[in-house]
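First comes the structure, then the notes that go with it.
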Amino acid sequence: MASDQSNANEFINDLSKIHGLGVIAVVLTLLVSGAFASNVVGKWWLNQWGKIFARIPIFKTIYVSVKRVSDTLFSSNGNAFRKALLVQYPREGSWTVAFQTGEPSGEIESKLGQGFVSVYVPTTPNPTSGFFLIVAKSEIIELDISVDQALTYIISMGSVAPDGVDAVNSETSLKF
């Protein structure tokens, strides 16, 4: 029995000498879990876990909200951000790129009336955080660029212009 344990220890020591084995193990784990989640059985298991999470009293509220948002953002039809816009934010006269996410409905529309759009103003350089605003249509400017071009512009902090030309020319850029 002691020899079995010493053989196992020797085997683990031999594995620890292989450089990059941990990275390979992580990549393989991700590939296998992705393949599992993308097949019928994996989708069924994920659905079952979702049902379980949706039944936990406090966790349910957070889980359902996050699931709705992620389903919308990562949907195959790609309609989470419909149009790239310019809105005045955070003050009048200061413009920022935003994305139209929809139009108010229900109680919000009944209180505000028509003529408003829902917009998401992402932060730079991490567009996953940002601000949700409801803005009058008369106060926005629609851009003739794709959502991808606008995201690139935001992530690059304005240094990559939407038409693909570098917005920072060599004469005005800081030299260190």
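The values are calculated or read from the model by the stated rules, or taken from the named source; none is laboratory data. Since we're looking at a predicted model, the values are computed, not measured. With ideal geometry, Cβ positions are generated from the backbone for all residues, glycine too; neighbour counts draw on all protein chains shown.
With respect to GLN114, is the statement that it is outside the structural domain of LEU46 (by TED's automatic domain parsing), not aromatic (Phe, Trp, Tyr) and not in a loop (DSSP other than H, G, I, E, B) true? When the stated conditions are applied, GLN114 does not pass them. Taken together, the residues in region 99-114 that are surrounded by 12 or more Cβ atoms within 10 Å (Cβ to Cβ) and either at pLDDT 95 or above or farther than 17 Å from SER146 by Cβ (or both) amount to 6.
Assessment of region 66-76 against the conditions (modelled with pLDDT of 85 or more and basic (Lys, Arg)) yields no matching residue.
Is at least one residue of region 78-93 farther than 30 Å from ASP148 by Cα, out of contact with any strand residue (DSSP E or B) (no Cβ under 6 Å at 6 or more places or on another chain) and free of Cβ contacts under 8 Å to residues at least 60 places away in the same chain? Looking for residues that are farther than 30 Å from ASP148 by Cα, out of contact with any strand residue (DSSP E or B) (no Cβ under 6 Å at 6 or more places or on another chain) and free of Cβ contacts under 8 Å to residues at least 60 places away in the same chain, one finds none in region 78-93, hence no. LYS83 meets all of the listed conditions (1) crowded, with 16+ Cβ neighbours inside 10 Å; (2) touching a Lys or Arg at 6+ places or on another chain (Cβ under 6 Å) but one, namely (2). Residue-level analysis places VAL23 among those that are surrounded by fewer than 10 Cβ atoms within 10 Å (Cβ to Cβ) and farther than 18 Å from ASP71 by Cβ. Scanning region 121-136 for residues that are surrounded by fewer than 13 Cβ atoms within 10 Å (Cβ to Cβ) and either in a strand (DSSP E or B) or out of contact with any Ser or Thr (no Cβ under 6 Å at 6 or more places or on another chain) (or both) yields PRO125, ASN126, THR128, PHE132, ALA136.
Scan region 31-44 and give yes if some residue there is more than 30 Å from PHE59 (Cβ to Cβ) and either assigned to a helix (DSSP H, G or I) or of a type in the set (Gly, Ala, Ser) (or both), otherwise no. The answer is no; no qualifying residue exists.
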